[in-house]
Structure formats: C-alpha cells, structure tokens
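Single-structure report; data block below.
The values are calculated or read from the model by the stated rules, or taken from the named source; none is laboratory data. No experiment lies behind these values; they were computed from the predicted model shown. Ideal geometry is used to build each Cβ from the backbone, glycine not excepted, and the neighbour counts take in all protein chains shown. Calculation scope for accessible area: heavy atoms of the full protein, side chains included, ligands and nucleic acids excluded. Shrake-Rupley method; radii C 1.70, N 1.55, O 1.52, S 1.80 Å.
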Amino acid sequence: MSKKEEIIRVDHITKRYDENAVLDDFSLSVHEGEVVVIVGPSGCGKSTILRIMNGLEPIQKGEVTYRGEKVDGKLGSITRIREKVGMVFQSYELFPHKTILQNVMLAPLLVQKRDRKEVKEEALQLLARVGLSEKKNAYPRQLSGGQKQRVAIVRALAMHPEVLLFDEVTAALDPEMVREVLDVLLSLAKEGKTMVIVTHEMSFAKAVADRVIFLDGGHLEEEGTASEFFDHPKTERAKQFLHTFTYDKVEREEER
Amino acid sequence: MNWEVIGSYLPLFWKAMWLTLQIGWIGIAFATLIGILVAIVRFYKVPVASQIAGVYIELFRNTPLLVQLFFLYFALPKLGIPMRADFTGAMGLALLGGAYMAETFRSGLESVAKIQTESAASLGMNKSQTVWHIIFPQAFARSVPSFVANVIFLLKETSVFSAISLMDLMFTAKDLIGLYYKTTECLVLLVFFYALILIPVSVLGDRLERRVRHAEFGD
C-alpha cells in the first residue's frame with residue numbers, strides 16, 4: 001500500500017434500492033496521487049460507488065469520509081467537500097443555457113467567490129489545453145459529444161479539486177471521440193492527479209490504473225495492480241469477465 | 001360599408017382598446033406572479049400550500065371566466081366586500097391566468113432533468129445557487145412557448161369583461177350596434193382592434209422563443 005495520505009475512505013458500505021442490495025459491505029480507500037479504476041459488468045454498482053463518494057446517494061450502512069470528514073448529502077458540509085471532489089458524468093451535463101466559458105467559470109465564481117479575471121484566465125488556459133479555445137463562446141448543443149465531455153472535465157478541473165471521479169465518461173461516445181477524451185484523462189494521470197475512474201475501456205484501464213477494483217454483484221471480487229489484474233487475474237469470475245473482451249481468431253474448418 | 005361611420009367610431013374603439021390593454025396587462029402580470037409562486041409550491045411539494053394550490057388550479061381551470069367574474073362582481077359585494085368593475089376584471093384575469101401559468105411553469109420545472117441538479121451539486125453549488133442559476137433559467141426557457149400561448153389566450157378572454165359593464169372593445173361594439181345598427185362597421189372595427197392588440201404579441205412571443213431556444217434544447 002501507498003504511504004501517501006488517504007483522501008477518501010469508503011468503509012463497509014451497504015446500499016439498497018428497495019430490497020436489492022446494490023453494494024454489499026464494500027470498502028475502498030483512495031490515496032493521494034493514486035489512479036483507481038473500477039471495472040465490472042453492467043449493473044454491478046460501479047457508478048453507485050462514485051455517486052456515494054460525492055454524497056449523491058444515501059447509504060444504509062457504513063460510512064464514507066473525505067480526509068476524515070463524513071460525506072453525507074444531507075449535511076451542510078457537503079458543498080465544501082464537493083468543491084474538493086470533482087465529478088464528471090457519462091451524459092456530460094453541461095448547463096445548456098450557458099456558453100462553454102460560462103459553464104467553466106460559473107462554479108469558481110459562485111461557489112469559491114474567486115476573482116473574475118483570474119478565473120477567466122484559468123478557464124481559457126484549461127480550454128486551450130483540451131483544444132477547445134475557439135469554442136469558448138459556443139453553446140453546449142453546438143459541440144460534439146467528445147467536445148462536451150472535454151468541457152465537462154475542464155469545468156471540474158477549474159474548481160481545483162483534490163480528487164476527480166469519472167463515471168463512464170466515454171460510454172455515450174462514438175469510438176473516435178473516446179480517444180480524445182481518454183487522452184485528457186491520461187495526461188491528468190501523468191500529472192499525478194488523484195482519480196477514481198469507472199470505465200468499460202479495458203485497454204485504457206490497463207494503461208492508466210495504479211490499482212484495479214473488480215466488482216461483481218455489489219461485491220469486491222478482486223483487487224490488484226493493473227498488470228496483476230489484467231495479465232494474471234486470480235478469480236474465476238475475473239477471468240471470465242476479461243475473456244468477454246478478447247476474441248480468438250476464427251479458424252475455418254477446411255484450413256485445419 | 002360606410003367609411004365615414006368607421007371614421008367616427010375609431011376614437012371610441014381606440015379608447016376601449018386602451019382599457020382592454022390596461023386591465024389585460026395588469027391581470028397578466030399578476031397571473032404570471034401567481035403562476036410562478038404556485039408552480040414553485042407545487043413543484044417542491046410544500047406541505048399544505050401544495051394541496052391548496054392544487055385545489056385552486058383545478059377550480060379556476062374548470063370554471064368559465066365569465067362565471068368567475070360574476071362571482072367576484074356580484075357575490076362578493078353581498079358578502080360585504082365592495083368590488084369595482086375594473087379591479088374585478090384584472091383580478092378575474094389574474095386568478096384564471098394564474099392557474100394556467102402555474103401549470104405552464106410547473107411542467108417547465110419538471111422538464112429540467114434531475115441530473116442537472118446533481119451536476120450543479122457536484123460543483124459545490126448549494127440549493128439556492130442551483131435553483132437560481134441552473135433550474136430556473138432552463139425551466140423558464142422551456143415554458144416560454146406555452147407562456148406566450150397563455151398570454152394570447154388571456155388577452156382574448158378579456159372580451160367577456162363587457163358582462164360586468166367594463167367599457168372594453170366588446171362592450172363598445174355591442175353598445176354601438178344596439179344604438180345605431182351599424183353592425184358590419186362595428187364588427188370590422190372589433191376584428192381590427194383585437195388583431196392590432198394580438199398580432200404584435202404573437203410576433204414578440206416568436207422572437208422571445210427564438211432567443212431562449214439555445215437553453216431549451218440542451219445537450
């Protein structure tokens with residue numbers, strides 16, 4: 001385990017919708033500078049974990065803390081915590097009535113009451129970094145999915161978060177656009193940003209992850225470094241899951 | 001058709017139009033205010049107030065304006081509340097319109113996806129910041145087409161004001177027809193003046209819809 005400071009601690013949480021347990025006694029800790037990737041079949045509770053880390057879902061048992069402080073959507077402290085825990089959604093969720101620049105600047109101005117000039121300068125720099133300077137006065141509907149998602153990442157970054165949560169950020173994108181978004185995530189990882197990523201892109205997961213969490217049916221099935229998990233999975237379930245991403249070359253019968 | 005008659009009636013209709021406009025706009029302004037308040041109460045399910053608002057909406061949407069005006073103008077004074085005709089007209093329009101506007105704004109609020117609220121929350125915005133900067137602007141933009149339709153509908157409804165002897169366009173036309181039997185001229189003037197009021201409203205409404213469209217169709 002890393003000697004770095006623990007930032008987020010998820011401690012034996014249970015989450016139920018009605019009677020169905022979505023997460024069952026799940027624990028996870030995220031340390032400074034670490035990139036944790038959560039993988040698993042659809043409906044296994046991956047996205048729910050991120051939403052709980054951001055106080056967007058109530059839980060029935062256990063506790064989530066950010067630097068020792070309880071994360072709970074009902075507490076007044078939640079807005080202060082969310083400033084430090086950025087989140088990017090699968091469906092981008094830019095504000096459609098605001099321009100790209102306004103989308104990025106809104107929260108730093110409103111929530112952090114920072115100086116407008118400084119915020120604007122930084123917003124423009126961040127947009128330039130993801131190659132979207134010329135879109136600053138456009139509205140979200142004028143952008144492609146990949147561009148919107150890059151803006152959503154920039155919008156989260158403008159708050160100077162300590163941790164970034166990415167919830168299947170490429171799941172709604174065309175294949176060519178997946179790359180442009182994942183490249184941004186890779187460059188953030190290179191900078192040493194702390195991130196928790198839920199994704200279905202296995203080759204990306206392998207490239208970016210310090211640690212992989214494999215989740216199935218609300219349970220932690222397996223945990224390990226990227227190479228441990230992808231090259232030498234220990235559990236049957238993980239092997240089976242990873243197998244769905246590989247295809248054997250078809251050999252025609254007459255060629256045998 | 002006698003153009004001389006039309007010429008001599010013009011000032012009377014012009015005056016009547018201003019009365020229609022004045023009472024119309026005051027009524028619509030209050031209808032909008034009532035609509036916003038009632039929509040918020042309904043949308044956020046404020047206890048008790050929400051139920052009262054529900055009864056109010058159903059009551060006023062399901063009774064004719066004429067009946068509402070009669071009630072306000074003739075029944076309230078019997079209960080010891082004196083009512084002036086112009087005040088009654090504006091109040092009736094505000095109450096009827098408020099019920100329609102409330103439903104318009106509520107469906108606007110409901111059309112803003114919940115995840116937009118979560119997206120704002122995840123940026124550290126508190127409830128009131130989210131409501132003012134994210135929810136209301138989008139809800140309003142989506143309400144505009146049906147808001148404009150309500151304004152046009154309410155302005156047309158003012159034509160029943162004559163029943164409580166307000167000297168609006170309809171009253172003036174009926175009065176002149178009764179006195180001089182110049183039916184065609186009066187009806188032509190009536191159509192002309194209602195169109196004069198309503199066509200600009202439609203045009204302005206169209207402009208407004210186009211201006212807010214970028215917020216309406218989000219990503």
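Values computed for the structure shown
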| read-out | value |
| --- | --- |
| Whole-number percent relative contact order across chain A, with pairs defined as alpha carbons under 8 Å at least 6 apart | 25 |
| Helical contribution to [θ] at 222 nm, DSSP H n ≥ 4, -39,500 (n - 2.57), averaged over chain B, rounded to 500 | -26000 deg cm²/dmol |
| Mean Cβ neighbour count within 10 Å, used as a protection proxy, ranking B:177-188, B:156-167 highest first | B:156-167, B:177-188 |
| Value of [θ]222 nm, deg cm²/dmol, for chain A, DSSP H segments ≥ 4, -39500 (n - 2.57) each, nearest 500 | -10500 deg cm²/dmol |
| Cross-link reach list, aspartates and glutamates versus B:K45, counting only Cα pairs under 20 Å and skipping chain neighbours closer than eight places | B:E58, B:E103, B:E110, B:E118 |
| Computed E for B:V67/B:I115 - FRET, C-beta separation, R0 56 angstrom, nearest 0.05 | 0.80 |
| Förster radius 25 Å - calculated FRET efficiency between A:T225 and A:E5, Cβ distance, rounded to 0.05 | 0.80 |
| Most mobile listed residue (A:D183, A:D18, A:D167) in chain A, GNM with C-alpha springs under 10 Å | A:D18 |
| Contact order normalised by residue count of region B:3-212, Cα under 8 Å, 6+ apart, percent | 29 |
| Estimated dipole of the protein assembly as shown in Debye, rounded to 20 [Cβ of Lys and Arg +1, of Asp and Glu -1, Cα centre] | 1840 |
| Label-to-label distance, nm, for residues given as B:S165 and A:R141 (7 Å Cα→Cβ offset) | 5.2 |
| Label zone at A:R67 (point 7 Å along Cα-to-Cβ), backbone N below 19 Å, region A:20-40 | A:29-35 |
| Accessible area of chain A divided out per residue, in Å², using a probe of 1.4 angstrom | 48 |
| Cα-based shape type of chain A, given that a ≥ b ≥ c are square roots of the gyration tensor eigenvalues and the cut on a/c is 1.5 | oblate |
| Choice from B:D168, B:D206, B:D86 showing the highest fluctuation, given a GNM over chain B with Cα pairs closer than 10 Å | B:D206 |
| Amide H contacts under 5 Å for A:M87, placed H, 5+ residues apart | A:L165 |
| Tensor-based shape of region B:89-219 (alpha-carbon gyration tensor, a/c under 1.5 rounded, otherwise prolate or oblate) | prolate |
| Amide H contacts of A:E222 (H built 1.01 Å from N, under 5 Å, at least 5 apart or other chain) | A:F214 |
| Amide N proximity, region A:202-216 versus A:S29 label position 7 Å along Cα-to-Cβ, cut-off under 19 Å | A:210-214 |
| Compactness of region B:23-78, expressed as Rg and Dmax over alpha-carbon positions, Å | 13.2, 37 |
| Whichever aspartates and glutamates have a C-alpha closer than 19 Å to that of B:K15, once near sequence neighbours (fewer than 8 apart) are set aside | B:E4, B:D86, B:E157, B:D168, B:D175, B:E185 |
| Those chymotrypsin sites (Phe, Trp or Tyr not before Pro) in region A:175-256 that DSSP places in a loop and that have at most 10 other beta carbons within 10 Å | A:Y247 |
| Accessible area buried, both sides summed, chains A and B with 1.4 Å probe, Å² | 2200 |
| Degrees between helix B:49-61 axis and first principal axis of chain B (Cα, 0 to 90, nearest 10) | 30 |
| Surface share of carbon and sulfur [accessible, 1.4 angstrom probe, percent] for the protein assembly as shown | 57 |
| Neighbour net charge for B:M170 - beta-carbon separation under 14 angstrom, K R +1, D E -1 | 0 |
| A:Q125-B:E209 FRET efficiency (beta carbon distance; Förster radius 35 Å; 0.05 resolution) | 0.45 |
| Gain on full stretching of the segment that runs from B:A149 to B:V55 - 0.36 nm per residue minus C-alpha separation | 31.5 nm |
| 0 to 90° range, to nearest 10: angle between helix A:100-110 axis and chain A longest Cα axis | 70 |
| Helix axis angle, A:175-190 relative to chain A longest principal axis, alpha carbon, degrees | 80 |
| When each of A:K46/A:K249; A:K98/A:K148; A:K15/A:K70; A:K136/B:K127; A:K98/A:K136; A:K74/B:K127 is checked by Cα-Cα distance, pairs over 20 Å | A:K46/A:K249; A:K136/B:K127 |
| Links that overshoot a 22 Å alpha carbon limit, given the list A:K4/A:K190; A:K113/A:K193; A:K135/A:K206; A:K84/A:K190 | A:K113/A:K193; A:K135/A:K206 |
| Shape call, region B:3-212: gyration tensor on alpha carbons, a/c limit 1.5 | oblate |
